[in-house]
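Worksheet for the structure shown next.
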Amino acid sequence: MSRNRNIIIGVVGLAVVIAIVVPIAVVYSRPKKDESTTISTTISTTSQTTTNNLPTKRPYNPDALSDEDKSRIDCFLESQSKYETLTRYQCEEVRGCIYKPSEYQRVPDCFFNRTKLGYEFVSSQNQVNKDIIRLKKSTLVKSPYLEEIKNLKLTVEYLNNNIIHLKIVDEDDDTRYEVPYKLNQLPFIDSKENSLAKFEYSVDSESKLFTFKILRKSTGEAIFDTSMGAFVFNNQFLQISTKLPSKYVYGFGENNHESLSHDLEYRSWGMFARDHAPGWGDNLNNYGFQPVYYGVENSTKSHLVMFYTSNAMEYLFTPTPSLTMRTIGGIFDMYFVVENLPEDVFKAYHNLIGLPSLPPYWSFGFQISRWGYDNLQDVKDVVARTKNIKLPQDVQYIDIEYMIGYRILTLNQDNFTHLADFQKDLERNGTKLVLIVDPGLVMERNNSLYVSGLDQDIFVKWPKNLQPYDRDNLGNDEMISWCWPNGKLVYPDYLNNKTHDWWYEVINEFVNNPVNGTNMNGMWIDMNEPSSFETNELKPWNWLYPVDDQDRYPFFSLKCPVNKLDDPPYRTKSAFAFDSENQLVKKSRLSQKTLCMVAMHKYEDKPYFHYDVHNLYAHSQAIATHNAFKRIKQGKRPFVLTRSNFIGTGKYAAHWLGDNDATWKHMKMSITGLIEYNIFGIPMIGADICGFFISIQDAEMCTRWLQLGAFYTFSRNHNANNQLPKDPAVFNNKTLEDSTRNVMNLRYEILPYIYTLMYHTNVNGGTAIKALFFEFPQDLNTYSIDEQFLLGHILVSPVLKSGHTSVRAYFPKPSLWYDLRNGSEIQNGWNNLSAPLDYINVHLRGGAIIPTQKLGDCLNTVCSRGNPFGLIVALDENKKSSGKLFWDDGESDINDSNYYHASFIFDNKVLELKVEKSYSQVNELYFERIKFYGYSENFTSIKLDNNVIASKDIRKIGKVVIIESQKISLKENHQVEFI
């Protein structure tokens, strides 16, 4: 295909000065292998219409809405931007929608014609475990955008007995984009009759429009029902709507959600991985991309729906209730997971996308980080003062300061010399070191990473017929951008398998270099949306050169040509939500803060546009980093922490909730994030404890957040530069120190239980951190609770408001609940609990047996793992309980011969300790103490393996019985019996 270099350069140059008015239309389809980086361009024009003057609307009142009002699917959602104008002409003539202004706020004035927009049924084929249906575009009304797809093929597959896979593709074009990463290949069901769900379709007798439902067989309830209409399949606009079985919808990420249960009153969110902190505005998309939601039915049974796409998306609700999902590329590739209980839904989903990894044991210890260590002495001071207040610490992080000018995998010899020696000292004392790494590489001939990357051809590129306006200094076609370093950057293409080998080589060289590197224990991959500072702007915000000398230091930022990928017909809320008068081009583009959408990637020798795979960038980097560390630390499990993420990233990395604020609001919102990411299959999750942004001098909030963070699976204190540090010791506050020491002692005591929980998510799927309704779906009171959560069987009820010394907490029936520390029982239902500043309420659910291990005088897990174990046996309402313990060396790859697994069952006054899998490293370990909570019956003695335990070693306090000073070997079966 021909290219017009003059047009492209001219348009790009114009973008530097004024808003672009002459777009270049790119023909969008997945690039063919034989034309891997070519792109065609044509000139098009835009028109402008006048604005309607609408009367002032009434405040939103859902009770006053008609059924028609409640079911309106917004056809001009971008009217939420002040730079987009809704007019009758735009609505009716341009988009073919219905224009009928509502008298109420929120309710759309322009909405889709649900009864006429869609596809007609053509034919169907029914097979044993599959259905194939062919459709054609209805001509009743036009599609809202050009390039409508005329003929569709819908395929329904039945996987196992609990998953329906539905795929809708262009019947005439098999080159449309599909996510290149394959999910786990689950077996087809023998017969559709054995499935828990069924696919059902109907054809309207008048309009001939085709709609379908996914139904739960046992109740007949529709979990997905497209009779809402307004189904659209255009080249760059795909839309599907469903009625919802109830108002309880959870998930979708990563967005700012102020509540766990979604607000369905005409709320909408964009979805597109973006370097955007949670505190930079509400109702916006953040770092990750998880097009997954979990729904509850009226029967209280539940399901999960996953839309397997990586294109930019948005989703919106109506109070019908209904959900509409839109994307701007690819196909409809959807999975419906149907089970009876929430945990079974999550297990089935996680087995589909890839089971979460089990990080090393040390990564469950307390971790400290900061962006703002000026030199190595600052880091040493933090470690020393943490130790001085006798607070445990397992991991120390260093942010970008350790690098030379923020160049990745380099070592600043001025301020961080002898970092390798420091790492060795840390490890000798039981503490690990994790370093941050960003994606971009500075284009310098003396940068060995850049030169080797060029040699191996592994960088993200421009399409071949789009001449870059700024070539790299070796004359290649790499796309060039800007981020933290004071120099132009190129970005590795982690989708490319060749990049994985290169990434291993450069990391391996760094960790094995005792002078210019260090043997880091794990890697923290940041800015991997990927982030690019001020794309399409005049210059980056962190421009370091003189601004008044443009001859020698001309401004630079990545500027994307106008085309149908960077400027699609519909931008989605993930772009227009960021429209701003502070931008050179006020209407935000998808490429804002990232790479151009026309950038080229490669996966298994097939080319892909960044437009399609943007949301896969961090996922592919997490895979590459995980695999690199498996090769470098042979035989050991990697620890990788990633900011951005995608479906299945939990198999390779942990996640934290990004650059939050030191506010009570963000502290509370972290609970929603914890729960959502457990749904998404990333159970190793936490927020920056005490908040990343905003300096705080009052220790109250940090005290409360450290209490809450002690029950994150990933527990890290981290904050930003140019602000007051927030590590616990720096406050010099006795209440904070005492509280944190006590709650961290409790965290370390239950680490064997947390580790066992995480092992079982790794083997079976499921969640470690849970909403209460995950365990109590019959209790409607639990559906909206997002200020408490379960860590396995442990109920955490933090204080989340300033000045409060009590907390209102809910304890669902019929379970018994015990104070985790002392075993006292709590009444079911709502309770007002005392919560002085130095205390967090933590309760254990009856029916659980949890393994424990006291921290003692230790200050890390290397030391504490040798301490004696304990058990807490919490009896349920039937005087029964059970539990498990997984144990290994804490870091090796798990195989059949290197781990220990035991089960515990209490029934009929007898506790059975049964070794299910033996392991030599537990031979010297033993249970020293067993606590029984809720034991109300009289007894004269207690026997251990038929030997009476000395009465001096037994204490009974109310309904709590404590056996102590024992040496009950882990390597053998045992029986404890009340007589």
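Below are the figures for this structure:
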quantity: Close pairs from the stretch 514-525: first open to solvent by less than 10 Å² (accessible area, probe 1.4 Å), partner of a type in the set (Gly, Ala, Ser) and at pLDDT 95 or above, Cβ under 8 Å, at least 6 apart; calculated: GLY517/ALA420; THR518/ALA420; GLY522/SER363; ILE525/ALA618; ILE525/ALA622; ILE525/ALA653
quantity: Selected residue (only one of TYR294, TYR315, TYR335 is open to solvent by less than 10 Å² (accessible area, probe 1.4 Å) and within 13 Å of ILE223 (Cα to Cα)); calculated: TYR294
quantity: Enumerated strands (runs of 3 or more DSSP E) restricted to the stretch 80-184, each holding at least 2 residues that are more than 17 Å from ILE331 (Cα to Cα) and among the hydroxyl-bearing types (Ser, Thr, Tyr); calculated: 119-126
quantity: Residues located in the stretch 266-299, provided they are under 18 Å from GLN80 (Cα atoms) and not in a loop (DSSP other than H, G, I, E, B); calculated: SER268, TRP269, GLY270, MET271, ASN285
quantity: Scan of the stretch 441-451 for residues that are open to solvent by 10 Å² or more (accessible area, probe 1.4 Å) and either under 17 Å from ILE480 (Cα atoms) or assigned to a strand (DSSP E or B) (or both), ordered by number; calculated: MET443, GLU444, ARG445, ASN447, LEU449, VAL451
quantity: Flag if LEU558 is over 26 Å from LEU657 (Cα atoms), crowded, with 22+ Cβ neighbours inside 10 Å, in contact with a Ser or Thr (Cβ under 6 Å, 6 or more places away or on another chain) and of a type in the set (A, V, I, L, M); calculated: yes
quantity: Residues being of a type in the set (D, E, K, R) and either open to solvent by less than 10 Å² (accessible area, probe 1.4 Å) or free of Cβ contacts under 8 Å to residues at least 40 places away in the same chain (or both) - total across the stretch 402-420; calculated: 1
quantity: Where a residue in the stretch 191-210 is under 16 Å from GLU221 (Cβ atoms) and open to solvent by 70 Å² or more (accessible area, probe 1.4 Å) and its partner, wherever it lies, is of a type in the set (Lys, Arg) and in a loop (DSSP other than H, G, I, E, B), with Cβ under 8 Å and at least six apart; calculated: LYS198/LYS217
quantity: In the stretch 145-181, residue most open to solvent (accessible area, probe 1.4 Å) [restricted to those that are of a type in the set (Lys, Arg) and within 17 Å of GLN239 (Cβ to Cβ)]; calculated: LYS150
quantity: Conditions (1) open to solvent by less than 10 Å² (accessible area, probe 1.4 Å); (2) of a type in the set (Gly, Ala, Ser); (3) over 17 Å from TYR361 (Cα atoms): number failed by SER897; calculated: (1)
quantity: Any hit, the stretch 275-283, residues being open to solvent by 50 Å² or more (accessible area, probe 1.4 Å), in contact (Cβ under 8 Å) with a residue 24 or more places away in the chain and over 23 Å from TYR60 (Cβ atoms); calculated: no
quantity: Count of the stretch 856-887 residues which are closer than 16 Å to LYS917 by Cα and crowded, with 22+ Cβ neighbours inside 10 Å; calculated: 4
quantity: Enumerated strands (runs of 3 or more DSSP E) restricted to the stretch 726-826, each holding at least 1 residues that are open to solvent by 20 Å² or more (accessible area, probe 1.4 Å), in contact with a Ser or Thr (Cβ under 8 Å, 6 or more places away or on another chain) and under 23 Å from MET669 (Cβ atoms); calculated: 806-811
quantity: Flag for SER259 being surrounded by fewer than 22 Cβ atoms within 10 Å (Cβ to Cβ) and more than 18 Å from the chain's Cα centre (by Cα); calculated: no
quantity: Residue that is assigned to a loop (DSSP other than H, G, I, E, B) and at positive phi, where the choices are GLU581, GLU534; calculated: GLU534
quantity: Selection count, the stretch 213-232, where residues are touching a Leu at 6+ places or on another chain (Cβ under 6 Å) and open to solvent by less than 10 Å² (accessible area, probe 1.4 Å); calculated: 1
quantity: Failed item in (1) assigned to a loop (DSSP other than H, G, I, E, B); (2) surrounded by 20 or more Cβ atoms within 10 Å (Cβ to Cβ), with GLN723 passing the rest; calculated: (2)
quantity: Subset of the stretch 827-849 that is of a type in the set (A, V, I, L, M, F, W, C) and more than 18 Å from GLU749 (Cβ to Cβ) - its residue that is least open to solvent (accessible area, probe 1.4 Å); calculated: ALA835
quantity: Wholly enclosed helices (runs of 4 or more DSSP H) of the stretch 591-689 bearing at least 2 residues modelled with pLDDT of 95 or more and surrounded by fewer than 24 Cβ atoms within 10 Å (Cβ to Cβ); calculated: 617-632, 664-679
quantity: Test for LYS142: is it at pLDDT 95 or above, open to solvent by 60 Å² or more (accessible area, probe 1.4 Å) and either over 26 Å from VAL613 (Cβ atoms) or touching a helix residue (DSSP H, G or I) at 6+ places or on another chain (Cβ under 8 Å) (or both); calculated: no
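Quick grid of which residues meet (1) outside any loop (DSSP other than H, G, I, E, B); (2) surrounded by fewer than 21 Cβ atoms within 10 Å (Cβ to Cβ); (3) under 26 Å from the mean Cα position of the chain (by Cα):
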{"position": "GLU343", "(1), (2), (3)": "yes, yes, yes"}
{"position": "ALA348", "(1), (2), (3)": "yes, no, yes"}
{"position": "SER357", "(1), (2), (3)": "no, no, yes"}
{"position": "TRP362", "(1), (2), (3)": "yes, no, yes"}
{"position": "TRP371", "(1), (2), (3)": "no, yes, yes"}
{"position": "ASP374", "(1), (2), (3)": "no, yes, no"}
{"position": "VAL379", "(1), (2), (3)": "yes, no, no"}
{"position": "THR386", "(1), (2), (3)": "yes, no, no"}
{"position": "PRO392", "(1), (2), (3)": "no, no, no"}
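Residue-by-condition table, conditions (1) open to solvent by less than 50 Å² (accessible area, probe 1.4 Å); (2) within 19 Å of THR324 (Cβ to Cβ); (3) hydrophobic (A, V, I, L, M, F, W, C):
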site	(1), (2), (3)
PRO55	no, no, no
ASN61	no, no, no
LEU65	yes, yes, yes
ARG72	yes, yes, no
CYS75	yes, yes, yes
GLN80	no, yes, no
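The values are calculated or read from the model by the stated rules, or taken from the named source; none is laboratory data. Just so it is clear, the structure is predicted and the values come from calculations on it, not from any experiment. When we count neighbours, we look across all protein chains shown, and the Cβ atoms used for this are built from the backbone with ideal geometry, even at glycine. Ligands, DNA and RNA are stripped out before the accessible areas are found, and what is left, the full protein with its side chains, is counted by its heavy atoms. Shrake-Rupley method; radii C 1.70, N 1.55, O 1.52, S 1.80 Å.
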